[in-house]
């Protein structure tokens with residue numbers, strides 16, 4: 001097991017949606033044009049962050065990040081408080097499952113519709129793991145998911161990237177999940193969050209994934225977002 005700092009968690013409500021969509025899953029970070037550096041946002045000192053926490057990307061897109069059940073989270077750094085395979089010095093958000101938090105997913109919401117998003121991801125315990133990204137629409141209904149596998153180890157710069165996008169700017173939230181071999185699964189961290197703000201390339205038909213809805217919605221975040229929208233309209 002790698003040495004991790006104390007980490008904690010943020011909240012989203014459970015919900016069942018029926019927004020099925022064809023999403024394009026990818027492990028290629030170069031397809032995304034904007035990014036969020038967690039060290040720039042919060043400082044990677046292992047401090048606890050309240051849920052949800054606001055962020056701003058390189059190109060000034062904004063949103064919030066957090067975990068399930070309104071728990072707080074900590075921000076770590078590869079090479080100091082996390083000894084895994086993210087790139088050296090990369091800022092991380094960890095769900096804190098091995099440090100007493102309820103094992104849960106990591107989610108980010110956006111203050112405007114995007115084409116998609118992705119992030120580097122790694123399970124806490126070394127070995128094989130399965131990662132999933134789920135995209136949500138403005139109503140926090142799941143649009144589809146992409147699942148792939150990776151390996152958690154101590155070789156910096158080899159972390160799995162997992163992302164997903166669609167052909168329209170209708171992605172308002174993403175949720176990350178990873179299940180490895182530890183006793184507190186899901187027990188994982190994500191690195192830099194990448195965003196797709198331009199129209200993505202049209203993929204070959206064989207790469208389109210028509211997937212069923214996830215059971216995890218972002219209703220708590222949705223209430224906050226819709227409240228802001230309603231206030232702006234009044």
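Residue check: residue 75 meets all listed conditions (1) free of Cβ contacts under 8 Å to residues at least 40 places away in the same chain; (2) surrounded by fewer than 24 Cβ atoms within 10 Å (Cβ to Cβ) but one, namely (2). Is it the case that residue 113 is surrounded by 24 or more Cβ atoms within 10 Å (Cβ to Cβ), in a strand (DSSP E or B) and at pLDDT 95 or above? The answer is no for residue 113.
Quick one: is residue 86 in a loop (DSSP other than H, G, I, E, B), at pLDDT 95 or above and under 21 Å from residue 195 (Cβ atoms)? Spelling it out, residue 86 is indeed in a loop (DSSP other than H, G, I, E, B), at pLDDT 95 or above and under 21 Å from residue 195 (Cβ atoms). Summed over segment 83-109, the residues that are within 19 Å of residue 126 (Cβ to Cβ) and surrounded by 22 or more Cβ atoms within 10 Å (Cβ to Cβ) give a count of 9. For segment 124-140, the set of residues classified as crowded, with 23+ Cβ neighbours inside 10 Å, within 26 Å of residue 34 (Cβ to Cβ) and at pLDDT 95 or above consists of 131, 133, 134, 135, 136, listed by residue number. Listed conditions (1) closer than 20 Å to residue 122 by Cα; (2) not in a loop (DSSP other than H, G, I, E, B) are all met by residue 183, apart from (2). Counting the residues of segment 22-59 that are touching a helix residue (DSSP H, G or I) at 6+ places or on another chain (Cβ under 8 Å), modelled with pLDDT of 90 or more and part of a loop (DSSP other than H, G, I, E, B) gives 1. Scanning segment 45-60 for residues that are surrounded by fewer than 18 Cβ atoms within 10 Å (Cβ to Cβ) and under 11 Å from residue 34 (Cα atoms) yields 56, 58, 59, 60.
So, residue 80, is that one more than 25 Å from residue 147 (Cβ to Cβ), modelled with pLDDT of 95 or more and exposed (fewer than 15 other Cβ atoms within 10 Å of the Cβ) or not?
No.
The values are calculated or read from the model by the stated rules, or taken from the named source; none is laboratory data. Just so it is clear, the model here is predicted, and its values are computed rather than measured. Using ideal geometry, Cβ is built from the backbone for each residue, glycine included, and neighbour counts are taken over all protein chains shown.
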